[in-house]
Structure formats: C-alpha cells, structure tokens
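Readers should treat all values here as calculations from the given coordinates under stated rules, not as data from a laboratory. The model shown is predicted, which means the values in this text are computed figures rather than measured ones. In this analysis, Cβ positions are derived from the backbone assuming ideal geometry, glycine residues included, and neighbour counts consider all displayed protein chains.
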Amino acid sequence: MMSNQDLDSLKKAAALTAVEFVHDGMVVGLGTGSTAKHMVIALGEKVRAGMTLRGVPTSMETATLARQQGITLIDADNAWVIDVAIDGADQVDPGFNLIKGGGGALLKEKIVAASAKQFIVLVDQTKRVPVLGGSFPLPIEVIPFGWGSTAREIEALTKSRVVLRERNGAPFKTEAGNMIVDVHLARIDQPRELEIALNHIPGVVETGLFVGRTDLLIVGTANGVETYPATRT
C-alpha cells in the first residue's frame, strides 16, 4: 500500500501535467480538493512567471488559495466562458464517469465543469475503479427543508443506506446552505440513468455523479503520468 506522501506526489505529478494545457489569456475553472490544490499552486507559479489568466473557483477554500497565489478571480455572478476546468475526482470508472463531492463542493464543481469548453480530471491511480460505488459513497446535495423525506425517497430508489453527512457532531452545510447525504451503493452499473432518476426527486439539488463530462483524464501512477482523452457522450 502506498503512503500518503507517495500518493500526494502522484497527485502533484498529475497536476503539473494538467497545467500544461493552460495557456495565456485563458479563463480556468479551479477545482477543489487535495489534487486540485497542487494545480492551483502550479498555476500560481505560471502567473508569477508572467502568464495572464483568470480563475473561477469552485469553493471558498480554492478562492482563498488562488488569491494567495496571485490568480485573478472572476466574480461568482458572471456569465462565464470557461476555457478549461481542472478538478479531481473521488472515483473514475472505465467510461470516465466520476463520483465527486467528498469535499462537499459538488454543486459548484458541476456548474463549472458544465460551463467549460474542456474539462480535465486529475486523479492518482487509487481513484480508478472498475465500477463506481462500493468503496466510496455517492454524495447528494439536498435542501434542508424536508431532507428526511428526500433521503427516504433516495433510499427507496436506490435500495441503499443513506447517511446524513455530519461535521463536528452537526449536519454538514454546503456553501449554498444545503445538506449532503451519502448513499452507500454496492455498485453503480448505470450512472447516467441513476443521475437522471435522482434529479427527479424533489429536494435533490445535485448529485455527485459526473456522467459524460470528462474530456481528458490525467492519472498519476507509480510508473509516471498517464493521459487519456475521452469523448463526451
């Protein structure tokens, strides 16, 4: 088993490869999480070396880091044209479908990914799985009003255990003021169909399923960085 330090080095290697796809004058979607953090820092180095770019952060945490790195940010209420969005993932299946939302930023992450001309996903080799689910639950953002009823509907649909996410003994709140329930599915064989069905449940804001959105997958492995182009379907 790889150490956390070894895994972090794989994440950093993937991030350094990803920022090579960022060019002067671009608007860049800035993901959230441990892998995306390396990407933001690497972009900051490019900015300090003279590159001009503007960023759209997917969380307050990322926004703070980006400002520290000297990256100019675009106001959140703008109608962006994002050239490339770069983000990590909690799981990636062979069809380049993702589970995201372990850090709780899935709503902003999906809005930015959907707004980008190109969506680049960074992972270390441990995030690649033969099928989504199993070792990682599916996060779903729900509104606080009637969240218990919404969770019951999700449980009935998926026939799986649904757990309210908590932090420090209290319900976890997203930056939009919503809650997250984590759905423990043994496997997700049809992610597109599941995403559609979940989004039809009243109270569901968004799911952590990112289906058919990945344009380029960059994987940090013990044998080097591997890059896989994908086609949105």
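Table for the structure above
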{"quantity": "Taking the convex hull of Cα positions in the range 51-182, its mean projected area over all directions (nm²)", "calculated": "10.0 nm²"}
{"quantity": "Spin-label pair His200/Asn78, simplified geometry with 7 Å Cα→Cβ offset, distance in nm", "calculated": "3.8 nm"}
{"quantity": "Ala89 long-range amide H proximity, modeled H, under 5 Å", "calculated": "Leu122"}
{"quantity": "Using θ = phi - 60° and Karplus 6.51 cos²θ - 1.76 cosθ + 1.60, couplings along the range 49-59 (whole Hz; Gly, Pro as x)", "calculated": "8, x, 6, 9, 7, 10, x, 10, x, 9, 7"}
{"quantity": "Calculated Rg/Rh (Cα atoms, Kirkwood Rh) (choose from [x] 0.93; [y] 0.96; [z] 0.99), label", "calculated": "[y]"}
{"quantity": "Two-site label geometry, His184 and Arg152: point separation in nm, points 7 Å out along Cα→Cβ", "calculated": "2.1 nm"}
{"quantity": "Residue exposure sequence - Asp215, Asp189 - by fewest surrounding Cβ within 10 Å", "calculated": "Asp189, Asp215"}
{"quantity": "Interchain or long-range residues, amide H under 5 Å from Gly55's placed H", "calculated": "Val28, Thr72, Leu73, Ile74"}
{"quantity": "Gap separating the Cα centres of the range 34-54 and the range 166-193, nearest whole Å", "calculated": "30 Å"}
{"quantity": "Average Cα contact separation per residue, the chain, under 8 Å, 6 or more apart, as relative contact order %", "calculated": "22 percent"}
{"quantity": "Estimated 222 nm signal from helices in the chain, with DSSP H stretches of n ≥ 4 weighted -39500 (n - 2.57), rounded to 500", "calculated": "-9500 deg cm²/dmol"}
{"quantity": "Per-residue ³J(HN,Hα) for the range 138-154, Karplus 6.51 cos²θ - 1.76 cosθ + 1.60, θ = phi - 60°, Hz, x for Gly and Pro", "calculated": "8, x, 9, 8, 10, 6, x, 5, x, 4, x, 5, 4, 4, 5, 5, 5"}
{"quantity": "When each of Lys110/Lys173; Lys37/Lys173; Lys12/Lys173; Lys11/Lys46; Lys11/Lys117 is checked by Cα-Cα distance, pairs over 25 Å", "calculated": "Lys12/Lys173"}
{"quantity": "Computed over the range 26-86: relative contact order in percent, which uses C-alpha pairs under 8 Å that are six or more apart", "calculated": "49 percent"}
